[in-house]
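Enquirer: Questions regarding the structure given below will be posed in turn.
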Amino acid sequence: MAKEQCTMNVPSALFKPFTSDKLTLSNRIVMAPMTRGFSPEGVPGPEVAEYYRRRAAGGVGLIITEGTGINHPSSVSGASIPLFHGEDSMQGWVNVVKAVHEAGGKIMPQLWHVGTARRSGDLPNAEADPVSPSGVSMAGEPSREPLTEEEIQGLVQAFAQAAADAQRIGFDGIELHGAHGYLIDQFFWEQTNRRTDNYGGDLVRRTQFAVEVIEACRAAVGPDFPIVLRFSQWKMGNYEARLVETPEQLEQFLTPLSAAGVDIFHCSTRRFWLPEFEGSELNLAGWTQKITGKPAISVGSVGLEAEFVDRATENQGTGDAHLDQLNEKLENNEFDLIALGRVLLSDPEWPAKVREGRISEIIPFTTEVLQTLH
C-alpha cells in the first residue's frame with residue numbers, strides 16, 4: 001500500500017516543469033554526472049552518444065555529462081576520460097548534443113580539473129604533474145610547488161574557453177565541477193588551500209579562484225547561457241570533511257559565487273533527506289536556495305537502499321526507495337531539481353516508469369552495470 005501511495009504522489013512534484021530565467025525543463029529530473037571512462041583517447045564516440053540519448057528518451061529533463069577535461073595537461077587522470085578540447089573530442093560532443101536534442105532532452109557538460117587528485121604518471125599526459133593551490137595533497141602533505149598566479153590565470157582561461165566551446169556546439173549550459181576535492185574545491189578547502197595571496201585566507205577569500213572562473217565563463221558565453229556550479233562539503237576519501245558548519249558560514253561562501261554569475265547551484269550530498277544543520281529540516285540544497293534565491297539541485301541516493309556501491313551487496317533496492325521523502329521536499333519547494341545517478345545507470349527509462357506508475361518494472365542497480373555503457 002505504501003508503495004502504491006508513493007507512486008501516486010511522485011508525479012505531482014517530480015514531473016512538474018521547471019522554468020528559470022535561463023532554462024526550461026520538462027520535469028525536475030537531472031542526470032547526475034558520473035565518470036564512466038568509455039572515451040578512448042578522450043574522444044566520446046557513438047556508444048557515448050547513444051548512452052546519453054537513451055537517458056533523454058527515457059524522460060530525464062536535464063543531462064549533466066560525466067566530468068570532461070578542460071584544455072590543461074593535467075586536467076584528468078585516465079586515457080578514456082572524455083576531453084573537452086581538440087577537434088576529435090569536440091566533434092564527438094557535437095554528436096552527443098545532436099542525439100540528446102533529437103530525443104527531446106537537454107544537456108550540459110561538466111567542466112573538470114582534478115587537481116591534486118591526479119597522480120604523477122597518469123594518462124593521458126604522463127609527463128604532466130598534478131597541480132594544486134598550495135602544493136599539498138588532499139591529506140595536507142607537501143607534494144610539489146604551489147600554482148603560480150600566472151598558472152592560475154591560464155586555468156581560468158581554460159575553463160572559459162571550454163564554456164565558449166560548449167555554447168558554440170549547442171549545449172544548453174555548463175556545469176563547473178567545484179566539489180568532491182577536485183581543483184576548484186581544493187581552493188575552497190582550508191586544508192588544501194594555504195595560500196597567503198588573493199587566492200587564500202578566510203572562507204570568502206578562498207572562493208576567489210572559483211569567482212574568477214565563473215566571471216570568465218560568463219564573459220565568454222554572455223548573459224543568457226546557464227552556468228551551474230556543483231559544490232559539496234565532503235571529499236572523495238573524506239566523507240566527514242566540511243567547508244562550513246553553520247548557515248551563516250554557508251551564506252559567506254555562496255554570496256560571492258552567486259554574485260559572480262552562477263545561475264543554479266548543484267549541492268552534492270550523499271543522502272538528500274538528511275538536514276544539513278541542526279535546528280532545521282533543510283538539506284544543503286534547501287539552505288542554498290534559501291540563501292541565494294537561486295534554483296538548487298539536490299542529490300543523494302534516490303532510489304537506492306545503500307549509499308554508495310557495496311561490493312558485498314550488489315543489488316541496491318527496487319529502484320523506488322525514498323520517493324515519498326523526495327516528493328514531500330519537492331512539494332514544499334525546498335529545492336528545485338533532483339539529480340539521479342546509479343538508478344539511471346541501471347535503468348535509462350526510470351523517469352518514464354515512475355511517471356507511468358510502472359514501479360515493478362524498474363531495473364534495480366547492480367555493480368554489473370558499471371562495466372558497460374548500458
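The values are calculated or read from the model by the stated rules, or taken from the named source; none is laboratory data. Since this is a predicted model, take the numbers as computed values, not measurements. Note: ideal-geometry Cβ built from the backbone for every residue, glycine included; neighbour counts use all protein chains shown. Protein only, heavy atoms only, side chains kept; ligands, DNA and RNA dropped before computing areas. Shrake-Rupley method; radii C 1.70, N 1.55, O 1.52, S 1.80 Å.
Enquirer: Just one of (1) more than 26 Å from residue 262 (Cβ to Cβ); (2) modelled with pLDDT of 95 or more trips up residue 29, so point out which.
Expert: (1)
Enquirer: Does residue 240 satisfy being over 14 Å from residue 161 (Cα atoms) and either out of contact with any Gly (no Cβ under 8 Å at 6 or more places or on another chain) or surrounded by fewer than 19 Cβ atoms within 10 Å (Cβ to Cβ) (or both)? Write out each step before concluding.
Expert: On the way: over 14 Å from residue 161 (Cα atoms): yes; either out of contact with any Gly (no Cβ under 8 Å at 6 or more places or on another chain) or surrounded by fewer than 19 Cβ atoms within 10 Å (Cβ to Cβ) (or both): yes.
Yes, satisfied.
Enquirer: Of 79, 117, 139, which residue is closer than 29 Å to residue 189 by Cβ and in contact with a Pro (Cβ under 6 Å, 6 or more places away or on another chain)?
Expert: Values: 117 fails: in contact with a Pro (Cβ under 6 Å, 6 or more places away or on another chain); 139 fails: in contact with a Pro (Cβ under 6 Å, 6 or more places away or on another chain).
One residue alone meets the criteria, 79.
Enquirer: Please go through the stretch 109-129 and give me each residue that is part of a strand (DSSP E or B) and in contact with a Leu (Cβ under 7 Å, 6 or more places away or on another chain), ordered by number. If you could, list the steps in order and put the result at the bottom.
Expert: Pass one, the stretch 109-129, residues part of a strand (DSSP E or B): 109-112.
Passing the criteria: only 111.
Enquirer: A further question follows. Would you please name the residue that is nearest to residue 25 (Cα to Cα), looking only at residues in the stretch 277-293 that are open to solvent by 50 Å² or more (accessible area, probe 1.4 Å) and not small (Gly, Ala, Ser)? Reasoning before the result, please.
Expert: Of all residues in the stretch 277-293, those open to solvent by 50 Å² or more (accessible area, probe 1.4 Å) come to 278-279, 281, 290, 293.
Checking which are not small (Gly, Ala, Ser) leaves us with 278, 281, 290.
Numbers: 278: 33, 281: 27, 290: 21 Å.
Step by step, filter the stretch 277-293, then rank; the result is 290.
Enquirer: Looking only at the stretch 44-56, count how many residues are open to solvent by 10 Å² or more (accessible area, probe 1.4 Å) and either under 20 Å from residue 185 (Cβ atoms) or in contact with a Pro (Cβ under 7 Å, 6 or more places away or on another chain) (or both).
Expert: 1
Enquirer: May I pose another question? Return the residues of the stretch 178-197 that are open to solvent by 10 Å² or more (accessible area, probe 1.4 Å) and within 13 Å of the chain's Cα centre (by Cα); say none if nothing qualifies.
Expert: Answer for the stretch 178-197, where residues must be open to solvent by 10 Å² or more (accessible area, probe 1.4 Å) and within 13 Å of the chain's Cα centre (by Cα): 180, 182.
One line per residue, one yes/no per condition, for (1) within 16 Å of the chain's Cα centre (by Cα); (2) at pLDDT 95 or above; (3) surrounded by fewer than 23 Cβ atoms within 10 Å (Cβ to Cβ); (4) of a type in the set (Gly, Ala, Ser):
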site	(1), (2), (3), (4)
104	no, yes, yes, yes
138	no, no, yes, no
150	no, yes, yes, no
160	no, yes, yes, yes
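Enquirer: How many residues does the stretch 61-81 hold that are in contact with a helix residue (DSSP H, G or I) (Cβ under 6 Å, 6 or more places away or on another chain) and open to solvent by less than 10 Å² (accessible area, probe 1.4 Å)? It would help to see each step written out before you state the result.
Expert: Step one: list which residues in the stretch 61-81 are in contact with a helix residue (DSSP H, G or I) (Cβ under 6 Å, 6 or more places away or on another chain), which gives 63, 70-72, 80.
Then drop every residue that is not open to solvent by less than 10 Å² (accessible area, probe 1.4 Å), which leaves 63, 70.
Selection size over the stretch 61-81: 2.
Enquirer: If you scan the stretch 259-276, which residues turn out to be open to solvent by less than 20 Å² (accessible area, probe 1.4 Å) and either out of contact with any Asp or Glu (no Cβ under 9 Å at 6 or more places or on another chain) or in a helix (DSSP H, G or I) (or both)? Walk me through it before giving the result.
Expert: Within the stretch 259-276, the subset open to solvent by less than 20 Å² (accessible area, probe 1.4 Å) is 260-262, 264-268, 272.
Those that are open to solvent by less than 20 Å² (accessible area, probe 1.4 Å) and either out of contact with any Asp or Glu (no Cβ under 9 Å at 6 or more places or on another chain) or in a helix (DSSP H, G or I) (or both): 260, 262, 265, 268, 272.
Enquirer: Considering only the stretch 214-258, how many residues are in contact (Cβ under 8 Å) with a residue 12 or more places away in the chain, under 20 Å from the mean Cα position of the chain (by Cα) and part of a loop (DSSP other than H, G, I, E, B)?
Expert: Matching residues across the stretch 214-258 total 8.
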